[in-house]
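Undergrad: Please find one structure pasted underneath; my questions will follow.
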């Protein structure tokens, strides 16, 4: 869990340096998701499709997500009600500490019997402890954070800036909405920020970048792409 804690430390430091205001980093674990879904009658072959519904909870109310789970994903009403109690635990306990919330989730007997789920809980507790040692105070365990892609095998995390109408910034998840990039560049108090792009979108047109308080027009800035296998491109200030 040390590499994960180091990544979270980087996210915390970068967003703090950008001075974009309040933010927090949601944290969950694939094993926890698998355990919750299994306890609600969803087979392993349904993991991705159930995740795609749960992932909408930061944009849609639970009743709409539940309706989708029943009508489109085939879960029963009893199972969706049970799942709702699990994934909405942070919503019901907004001020509870991370370790406390992890322990509270373990109080559900049907979850505590699942070995994979218990391993996910144990790993997140270790990660939370490392983050505390590293001085990372922005993390927030949230069992509704869902990512259904196969390369997420352990801890998953996502930065959230509440002032952006609860839009989230999936740092280190190989995607970054161009609207979010534009928002960060226009609203950050620090203009000399280095950002990794996979391609240069039209959405960034009209954004003025400054370095050291002065506009740097016509100067190219090299940026690299993680998602595109290391392809490098340039942004030119104009």
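The values are calculated or read from the model by the stated rules, or taken from the named source; none is laboratory data. Predicted model only: the values in this text are computed from it and were never measured. Positions of Cβ are generated from backbone atoms using ideal geometry, with glycine treated the same way; all protein chains shown enter the neighbour counts.
Undergrad: Kindly list the number of the only condition in (1) surrounded by fewer than 19 Cβ atoms within 10 Å (Cβ to Cβ); (2) farther than 19 Å from residue 147 by Cβ; (3) in contact (Cβ under 8 Å) with a residue 12 or more places away in the chain that fails for residue 13.
TA: Here residue 13 clears every test but (3).
Undergrad: Run down 6, 64, 13 and say which single residue is part of a helix (DSSP H, G or I) and either in contact with a strand residue (DSSP E or B) (Cβ under 6 Å, 6 or more places away or on another chain) or over 19 Å from residue 140 (Cβ atoms) (or both). Walk me through how you get there before you give the answer.
TA: On the way: 6 fails: either in contact with a strand residue (DSSP E or B) (Cβ under 6 Å, 6 or more places away or on another chain) or over 19 Å from residue 140 (Cβ atoms) (or both); 13 fails: either in contact with a strand residue (DSSP E or B) (Cβ under 6 Å, 6 or more places away or on another chain) or over 19 Å from residue 140 (Cβ atoms) (or both).
Result: 64 is the single residue among 6, 64, 13 that is part of a helix (DSSP H, G or I) and either in contact with a strand residue (DSSP E or B) (Cβ under 6 Å, 6 or more places away or on another chain) or over 19 Å from residue 140 (Cβ atoms) (or both).
Undergrad: Might you let me know whether region 91-108 holds any residue that is exposed (fewer than 13 other Cβ atoms within 10 Å of the Cβ), within 19 Å of residue 57 (Cα to Cα), touching a residue at least 24 places away in the same chain (Cβ under 8 Å) and out of contact with any strand residue (DSSP E or B) (no Cβ under 9 Å at 6 or more places or on another chain)?
TA: No; the residues of region 91-108 include none that is exposed (fewer than 13 other Cβ atoms within 10 Å of the Cβ), within 19 Å of residue 57 (Cα to Cα), touching a residue at least 24 places away in the same chain (Cβ under 8 Å) and out of contact with any strand residue (DSSP E or B) (no Cβ under 9 Å at 6 or more places or on another chain).
Undergrad: Scan region 126-142 residue by residue and report those that are assigned to a loop (DSSP other than H, G, I, E, B) and farther than 14 Å from residue 95 by Cα.
TA: Going through region 126-142, the residues assigned to a loop (DSSP other than H, G, I, E, B) turn out to be 134-138, 142.
Passing the criteria: 134, 135, 136.
Undergrad: Okay, moving on. Among 145, 127, 75, 57, which is touching a helix residue (DSSP H, G or I) at 6+ places or on another chain (Cβ under 9 Å), crowded, with 18+ Cβ neighbours inside 10 Å and modelled with pLDDT of 95 or more?
TA: Values: 145 fails: modelled with pLDDT of 95 or more; 75 fails: modelled with pLDDT of 95 or more; 57 fails: modelled with pLDDT of 95 or more.
Answer to the selection: 127.
Undergrad: Here is a check on your reading of the model: is residue 154 on the phi > 0 side of the Ramachandran plot and surrounded by fewer than 16 Cβ atoms within 10 Å (Cβ to Cβ)?
TA: Criteria not met by residue 154.
Undergrad: Which is in a helix (DSSP H, G or I), over 21 Å from the mean Cα position of the chain (by Cα) and modelled with pLDDT of 90 or more, of 100, 91, 81?
TA: Values: 100 fails: over 21 Å from the mean Cα position of the chain (by Cα); 91 fails: over 21 Å from the mean Cα position of the chain (by Cα).
The unique qualifying residue is 81.
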